[in-house]
Each structure stands twice: as C-alpha cells, then as structure tokens.
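The values are calculated or read from the model by the stated rules, or taken from the named source; none is laboratory data. Worth saying up front: this structure is predicted, and the values here are computed from it rather than measured. In this analysis, Cβ positions are derived from the backbone assuming ideal geometry, glycine residues included, and neighbour counts consider all displayed protein chains.
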Amino acid sequence: MRMIIVALAALAGFAPTVASQPSGIARRVDAVRDGSVSMRFASVPGVCGDGAGSTWTRNGSSDSWRGCITGPVHVVIGRADNATVSVRTTIGDSRRSSDNDLGIVSAPDAARYLLELAHSLGGRNASEAVSAAALADSANLSSEFVSLVQDASVAVDTRQQALFWLGQTRIPTSDLSRLYEGLKPVGLREHFVFVMSQRRDETAIDKLIDIASHDADRDIRKNAMYWLGQTNNPRAVKFLRDLVTR
C-alpha cells in the first residue's frame, strides 16, 4: 500500500507558488538532458518499505514488520530531451541507481521541489512525487499542498492526493475549511468531505453540517451526513436526528 506542516493565516489569497529562481535540486536535475537522477532524504518516523516500491507506516514494534525496511526516501527522476518524464519512490533502498546521484539532500528542499514538479506531471509520476514529498521529514508543506490543490490544470486525482496530505498537516481547520468554496470538480469536493471528517474538532463538525445542509449536490450532502454519523459527536448526532424527525 503506497502511503502514506507554519499554519496559514488565510487561504483565500493563496496562489500557486512560483520560485524566483530554480532551487539547487532543480538546477542539478535540469542539468541532466537524458538519463536518470537519484537522491535520498530523511523520511518521517514510522515509515518503512520493501525496497521495491511498496511503502507502509508502522506504529511501535511488531513481528509482522520484520521484513519492512526503514531508511531514507529514495527518489529516482527520469529525464528525456531536457524534461522530467518519470518519478519513482522507494523506502530503504540505498543502492546507487543512477550515474547522476545527488546523494543525501535536504528533506524539506526535496519535498518542495517534488511538489512543484507535480504541477507539470500526470498519472503515476505526479502521484509518486506527491507521496515522496509527504514522506519527507520536517517539511512544512501546507502552502505547497494548497497550491497544488488549487491548480485547476492538475489532474483531479493528484489534487485529491494533495488535499489528503494537506489535511494531515498542522493547518488550522478553519483555514482548511475555507478551501471548499473554490473546489469545483465534484470528485475533489467529495474528497474534501472525507478529509474534513478526519479532523473531528468542532470547526470540522460545523463545516460538515454546513455541507450536509446546503451543498447543491445531493450526493455530497449524503456523503457529509455519512461522515457526521461516524464522528459520534453530540452535535452531529442531534443534527442527523433532527433531519429524520423533521
């Protein structure tokens, strides 16, 4: 199973981040016309993998994790005709897999580079870039995830993935909530309901009740009701009971 943070003052004014100049990692990758570039960086605690592409999270010690290798995030970037064409991620694979090996790099710098790269990639490659960034240790990525979520030129599944990981950051629930009105694709709005349901604080309950009451899409309203029912929050229970007895 492929896996699986400075608070924002307000989200309404966010636009995709545009660097004034390429990062050090970007310059080194872009210097390779054809071939591959590899780099490794520290992963968040509790992440391990099989060294071949599968990644898990682990909590505590368990015999079931004996074959799960801990170690750095290992990313290999494929290049062709001066463009990045692929991204592949493993955990615990320390082999030198490229003639252009950047070695150990800053985890936050690598994560921001990969999320910027995800804006221009698609399919599995974008997914690999987002996953690798999310696994980077000590990276405060709220604004970068917001930028990706709000980029209408990016595939919906990539934006959904970015939205999920945004929900795992320390972004205040009130700021996360304000993203909803700008989300146009139904699939992204549905995924927002799930992401908000994982917060379980009163601000999240307020937003789910608002969606369940007022969203124009019947299926999204039903989805919000479902997740409210899973919270066991007294206000959520009362809201759902009142709907039934109206």
Residue check: is Ala204 touching a helix residue (DSSP H, G or I) at 6+ places or on another chain (Cβ under 6 Å) and either crowded, with 17+ Cβ neighbours inside 10 Å or at pLDDT below 95 (or both)? yes
Please tell me if Arg112 is basic (Lys, Arg), within 18 Å of Ala42 (Cβ to Cβ) and in contact with a Leu (Cβ under 9 Å, 6 or more places away or on another chain). yes
Go through Ser153, Ser174 for me and flag whichever is in a loop (DSSP other than H, G, I, E, B), surrounded by fewer than 17 Cβ atoms within 10 Å (Cβ to Cβ) and over 14 Å from the mean Cα position of the chain (by Cα). Ser153
For region 198-208, state whether one or more residues are more than 22 Å from the chain's Cα centre (by Cα), hydroxyl-bearing (Ser, Thr, Tyr) and assigned to a helix (DSSP H, G or I). no
